[in-house]
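Asker: Have a look at this one.
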């Protein structure tokens, strides 16, 4: 093996992750965070492989990644969907089970691929998903910070869901709310929120 083979192997791994993230319409900053590639290089990858490809309809998202947490828990459906995504993140080692922050993400190609795998699995298991790749990234960062978002399991139905740590009173289980809404009608469910 030549000494340069290792360098090219690392470069190839960063390139493959960037391509995978571009397919999920990740923003440049998110791709740069995981791969370490320059903004210019990421834009050139998009232009070379996606921009003029008629078969792929990959959009280029501009601006900063979302940072608000309210849309992640705004409705019972979103709180449940966020809970599914966090469960996938936890199963793939991106979120620790205890109160620690978890493994370092920046420049970690393996964890970048695991995050992509979580998002791809999420698209398969959630009917009509609302959570985009960037909102999933925001959710991961919010859960790892632990200052605004929390994850809990309902003692009645054992559903895992995401909730706003700063909201008073604490929100009820969105799965139980949905069941009561379906059974008793919208008036009972809305009074419980």
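The values are calculated or read from the model by the stated rules, or taken from the named source; none is laboratory data. What you see is a predicted model; the values in this text were computed from it and never measured. Counting neighbours? That spans all protein chains shown, and the Cβs are built from the backbone with ideal geometry, glycine included.
Asker: Within segment 104-119, how many residues turn out to be surrounded by 13 or more Cβ atoms within 10 Å (Cβ to Cβ) and either at positive phi or without any contact (Cβ under 8 Å) to a residue 60 or more places away in the chain (or both)? Steps first, answer last, please.
Answerer: Filtering segment 104-119 down to residues surrounded by 13 or more Cβ atoms within 10 Å (Cβ to Cβ) leaves 105, 107-109, 111-119.
Narrowing the set further to residues that are either at positive phi or without any contact (Cβ under 8 Å) to a residue 60 or more places away in the chain (or both) leaves 107, 114, 117-118.
Total satisfying the criteria: 4.
Asker: Taking residue 81 as the residue in question, decide whether it is part of a helix (DSSP H, G or I), surrounded by fewer than 17 Cβ atoms within 10 Å (Cβ to Cβ), in the same structural domain as residue 124 (by TED's automatic domain parsing) and touching a residue at least 12 places away in the same chain (Cβ under 8 Å).
Answerer: Spelling it out, it is not the case that residue 81 is part of a helix (DSSP H, G or I), surrounded by fewer than 17 Cβ atoms within 10 Å (Cβ to Cβ), in the same structural domain as residue 124 (by TED's automatic domain parsing) and touching a residue at least 12 places away in the same chain (Cβ under 8 Å).
Matching residues to (1) out of contact with any helix residue (DSSP H, G or I) (no Cβ under 8 Å at 6 or more places or on another chain); (2) assigned by TED's automatic domain parsing to the domain that holds residue 113; (3) under 21 Å from residue 104 (Cβ atoms); (4) surrounded by 12 or more Cβ atoms within 10 Å (Cβ to Cβ):
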{"position": "8", "(1), (2), (3), (4)": "yes, no, no, no"}
{"position": "17", "(1), (2), (3), (4)": "no, no, yes, yes"}
{"position": "25", "(1), (2), (3), (4)": "no, no, no, yes"}
{"position": "32", "(1), (2), (3), (4)": "no, no, yes, yes"}
{"position": "38", "(1), (2), (3), (4)": "no, no, yes, no"}
{"position": "43", "(1), (2), (3), (4)": "no, no, no, yes"}
{"position": "47", "(1), (2), (3), (4)": "yes, no, no, no"}
